[in-house]
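Take this structure, written in structure tokens, and hold onto it; I'll ask about it next.
Each value in this text was obtained by applying a stated rule to the coordinates, not by laboratory testing. If you're wondering where the values come from, they're calculated on a predicted model, not measured in any experiment. All Cβ positions, even for glycine, are placed from backbone atoms using ideal geometry, and neighbour counts span all protein chains on display.
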Amino acid sequence: MSMSPATPRFLQEVRTTGLLALPLVLGHVSTGLIAFVDNTIAGHHGTDTFAAVSIGTALLWLPMLVPIGTLISLTASVSQLHGAGRDREIGPLFRQALWLGVGLSALMFLFLSVVPAFLPAFGIAPEIVPGATDFLHAIRWGVPALTLYFCMRYLSEGMHWTLPTMLIGFGGLLVLGPLGYALCNGKFGFPELGAAGLGIASSVTMWVQALAFATYLWTTKRFAHLQLFSHFELPRPRAIWDLLRTGLPIGITVLMEGGLFIITALLIGRIGATEASAHQIAINVAQLCFMIPMGVAEATTVRVGHAVGRGDGFGVRRAAWAGYAIIMGTQTLSAAVLLFGHDAIVGVYTNDLAVAGLASTLLLYAATFQFPDGIQVLSAGALRGLKDTRVPMFIAMFAYWGLGMPLGAGLGLGLGMGPQGMWIGLIVGLTAAAILMGWRLRRSSQRIGQSALS
């Protein structure tokens, strides 16, 4: 993939991608704040409630990465159809994506119904199990709304319209905060439900967001020509299979990376409380930093898909390089903040000197992987725009679980390096993913360019 010169068209591409990405970044932040709000309210309610909600949140969002990642294939499909001037095909595709979302939510609902019975076998303390069970049983009712919300969100983003993602995302927090506080603590005439109350509030918030997005799509003139809800349509297995064939590898890829960080946290938890607390601080900061390249990657998916749809091989490469240019800037900023502000950041989280000292050191490791993390997620986003998802899935499996996790576990637990050893494994895994994803994008974009010229 040859470098595009800094021509006016390239600079315009950077600007377009940046404007698309900004609401997406803020939308991801709002989604991440759902767990933050739940945990903050639970933490003030009591230790057992906090532990129950923390466990419940992990058991919800880790498997939820699969349907969320799978449905993101809609973004590339819509973007390619829009770029090719085939908008009439978007409405039928969207309706089939809704059916896929319903099917995936049914599987998640079943999972959340069954998994609480296994909490004691996972080694969860007996006093935490009832709260975690109540939380999961309550929040499962919001899962269908969540998958439908992501279908509508990805449709809008594929059409180059990302503002609703930001507005509805933060609007949901205005519902969750007061409702969660009231139900958890028994305020304003509500019973005190603890963890169950937060699960109910989260579920209600998911439905409010889904209904708000549906109302917007129903009434806005921007999408009226797509006739998204013009008529009822039965499931069409072939259309659903096409979405699943492209999207499921994305879901697995996202799960591979998310699972890497979660399993790392569980392994560090075996070392000691200080190490686990320090790791949690560092990984929370790193996850907030990750929201920025994730939003840029999704915007790049849209721009690449649009170029593919109009048969513009040069446009594909220009969109990819625009994404890389933005990523270099954002990751430089993130790395600088972590490098020079690590002590101040840790001070916001804890006054424990032992925890603060280790967490501050781990943030230096986090600064190191800002560039490979940004490059790998941007490359994966561009590949999604090309609908190239199977090979990236195998790359993720190898980089994270064939390389990063064994190395981190070997250094951290086998050789006694502790959290630092585990984080070296994270850095190596992300670096390998960045190199291999970049290589794959180069090959795939060259094929697109050759077909465009033929």
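Relative to the Cα centre, what is the charge dipole magnitude of region 1-123, using +1 at the beta carbon of each Lys and Arg, -1 at the beta carbon of each Asp and Glu, and rounding to the nearest 20 debye?
In total the dipole reaches around 400 debye.
Using the Cα atoms as the points, what is the convex hull volume per residue of region 226-345 in Å³? Working shown, then result.
Numbers: hull volume 21.3 nm³, N = 120.
Convex hull of Cα atoms, per residue: 178 Å³.
Could you tell me which helices of the chain pass both thresholds, a Cα extent of 20 Å or more along their own axis and a mean Kyte-Doolittle hydropathy of at least 0.5, with helices taken as whole DSSP H runs?
TM-like helix candidates: 8-45, 47-71, 90-114, 143-158, 163-185, 195-219, 237-269, 273-309, 313-349, 353-368.
Applying a 10 Å radius around every beta-carbon, put 230-237, 306-313 in order of their mean neighbour count, most first.
The most tightly packed comes first, giving 306-313, 230-237.
Still on this structure: For the chain, what is the charge dipole size about the Cα centre, in debye to the nearest 20, if Lys and Arg each add +1 at the Cβ and Asp and Glu each add -1 at the Cβ?
Using Cβ point charges on Lys, Arg, Asp and Glu, the chain gives about 1820 debye.
Find the all-direction average of the projected area of the Cα convex hull for region 249-454, expressing the result in square nanometres with one decimal place.
Result: a mean projected hull area of 10.6 nm².
While we're on this one: Starting at the first residue of region 226-235, write each ³J(HN,Hα) from the Karplus equation 6.51 cos²θ - 1.76 cosθ + 1.60 with θ = phi - 60°, in whole Hz, x for Gly and Pro.
For region 226-235, the Karplus-derived couplings read 7, 6, 4, 10, 5, 7, 7, 9, 5, x Hz, x marking Gly and Pro.
Would you mind ranking Lys187, Lys221, Lys387 so that the residue whose beta carbon has the fewest other beta carbons within 10 Å leads the list?
Least crowded to most crowded, the residues run Lys221, Lys187, Lys387.
Can you tell me the length gained on complete extension of the stretch Ile435 to Leu163, counting 0.36 nm per residue apart and subtracting the Cα distance?
94.7 nm
Among Val355, Leu255, Val304, which residue has its Cα positioned farthest towards the positive end of the charge dipole of region 249-454, with +1 placed on the Cβ of Lys and Arg, -1 on the Cβ of Asp and Glu, and the dipole taken about the Cα centre?
The listed residue farthest towards the positive side: Val304.
Here are a few candidate values for mean projected area of the Cα convex hull in nm²: (1) 23.8; (2) 21.9; (3) 26.0. Which one was actually calculated from the structure I just gave you?
Identified label for the calculated read-out: (2).
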